[in-house]
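The values are calculated or read from the model by the stated rules, or taken from the named source; none is laboratory data. In this text, all values refer to a predicted model and were calculated from it rather than measured experimentally. All Cβ positions, even for glycine, are placed from backbone atoms using ideal geometry, and neighbour counts span all protein chains on display.
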Amino acid sequence: MTSTEVSHSQHIISELLEVLIESNELGLTISEIEGDAILFYMHDQLPDFEGLLNQARNMFLAFHSHLRRYERDRICRCGACSTASGLTLKIIAHCGDLGFITVQDRRKPHGEDVILSHLLLKNTIGQSEYLLLTETLYDNLNQQGSLNLPEWAEVEGATETYDGMGQVPFYFIPFKPLNSRIPEPPPLKQPEKIRNPVRAETKIYRNTHEVYEIVSNLDLRLSWNKGVRELDYEQERVNRSGTRHVCLIGDRDIEFETVKNEFGSGRLVYGERLINQPFMKQVTIYYIMEPLKDHTKLIVEAHYHPKPPLGWFMIPLLKQRFRKLFSGYLPAIKEACERNYKLLSVSPT
């Protein structure tokens, strides 16, 4: 689980950085990506105040719109995924003397003003999200004309002291008033269930959250799904509702889409919808995990909706195939979960 959280946190941050880059409407140049931050610059010109505020607003709204969609769609329960909605955004804006160095044919800005921009990320502002403008930038923008503020923007002043820099005055505009403008994503449409699905179950002597991780994490899929020769999926994205992957089973490519659904409180559920199945309007497989005293009950169900009239005649064959499939899945998942647990439980002497 720890390695999963590290991996997923990297993927989440990467997606958010891409969102910010795509929101770059001022034509800023990317100098470099530094962990969870992007250094943009504009050489020999300044945007006007309105353009700068619009850029900051649009980045903030795009950032949080993405997080709200992620929270709606997420299926992973690791610490990184479950706390992603609490991530925040700071934007530091400064103007000053800009020098350049060339490293392996890459031109990078450097100098005291670049260092100051980095230092300003660490400050004592009592806000978690804001646009910070140094006094130098603020004065330069003011010389261009009157600084007309939109209704959401309220300017506050502050000063920080940094080693080697002394006192640095600046202004900041909290993003909090923009929270009401972040659009809510539409609710997910859950696949329709049927009354009598094909069903099988087993007991797994391992923590329910860990069983869920092994079943839902596509990086671990081949550890138990032995019938799959190859698995094609986006390895740099965390599996979520709407994610698609393709399994090569025999000589057939079968496409799946991750879905969410409810099967009662206290249960963890992972679902996959089969794409474009012959004679069927919809086929969905659910892995339902119920925590019990000393084990996890794993239930697998197949829900199907035939296309009339030929689909009705295919139901007996479909049920037979799923029973055979589940008779192989469940022992393989159980073995993978309990084998890994035993390996993790043994410590060297």
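For the reader, a short list of remarks on this structure follows.
- Residue match in the range 272-283 (condition: hydrophobic (A, V, I, L, M, F, W, C), at pLDDT 90 or above and surrounded by fewer than 16 Cβ atoms within 10 Å (Cβ to Cβ)): yes
- The range 290-317 residues that are of a type in the set (V, I, T), paired with ones that are surrounded by 11 or more Cβ atoms within 10 Å (Cβ to Cβ) and in a loop (DSSP other than H, G, I, E, B) (beta carbon under 7 Å, 6 or more apart): T296/R206
- Flag for K193 being assigned to a loop (DSSP other than H, G, I, E, B), over 30 Å from I115 (Cα atoms) and at pLDDT 95 or above: yes
- The range 115-132, subset in contact (Cβ under 8 Å) with a residue 60 or more places away in the chain and buried (at least 16 other Cβ atoms within 10 Å of the Cβ), residue farthest from the chain's Cα centre (by Cα): S117
- Complete set of residues in the range 62-115 that are in a strand (DSSP E or B) and either under 20 Å from E184 (Cα atoms) or at pLDDT below 95 (or both): R74, G99, F100, I101, T102, V103, R106, R107, K108, P109, H110
- When the range 23-56 is limited to residues that are under 25 Å from I115 (Cα atoms) and among the charged types (D, E, K, R), the one that is nearest to the chain's Cα centre (by Cα) turns out to be D36.
- Residues that are within 27 Å of the chain's Cα centre (by Cα) and either closer than 18 Å to S216 by Cα or crowded, with 16+ Cβ neighbours inside 10 Å (or both) do not occur anywhere in the range 314-323.
- Of all residues making up the range 284-312, the number that are farther than 21 Å from A332 by Cβ and surrounded by 17 or more Cβ atoms within 10 Å (Cβ to Cβ): 4
- Scanning the range 143-177 for residues that are farther than 14 Å from L120 by Cβ and either of a type in the set (D, E, K, R) or not assigned by TED's automatic domain parsing to the domain that holds I115 (or both) yields E151, E154, E156, K176.
- Enumeration of residues in the range 253-296 that are among the hydrophobic types (A, V, I, L, M, F, W, C), assigned to a strand (DSSP E or B) and over 21 Å from N217 (Cβ atoms): M280, V283
- Within the range 236-256, tally of residues that are surrounded by fewer than 17 Cβ atoms within 10 Å (Cβ to Cβ) and under 15 Å from A302 (Cβ atoms): 1
- When restricted to residues that are in contact with a Ser or Thr (Cβ under 8 Å, 6 or more places away or on another chain) and in contact (Cβ under 8 Å) with a residue 60 or more places away in the chain, the range 27-42 contains 2.
- Residues within the range 189-202 that are surrounded by 14 or more Cβ atoms within 10 Å (Cβ to Cβ) and out of contact with any strand residue (DSSP E or B) (no Cβ under 6 Å at 6 or more places or on another chain), tallied: 0
- Qualifying residue in the range 155-170 (condition: surrounded by 14 or more Cβ atoms within 10 Å (Cβ to Cβ), outside any strand (DSSP E or B), under 35 Å from the mean Cα position of the chain (by Cα) and modelled with pLDDT of 95 or more): no
- Residue among I214, I182 that is touching a Lys or Arg at 6+ places or on another chain (Cβ under 7 Å) and surrounded by 13 or more Cβ atoms within 10 Å (Cβ to Cβ): I182
- Residue within the range 219-231 that is small (G, A, S), within 24 Å of G79 (Cβ to Cβ) and in a strand (DSSP E or B) present: no
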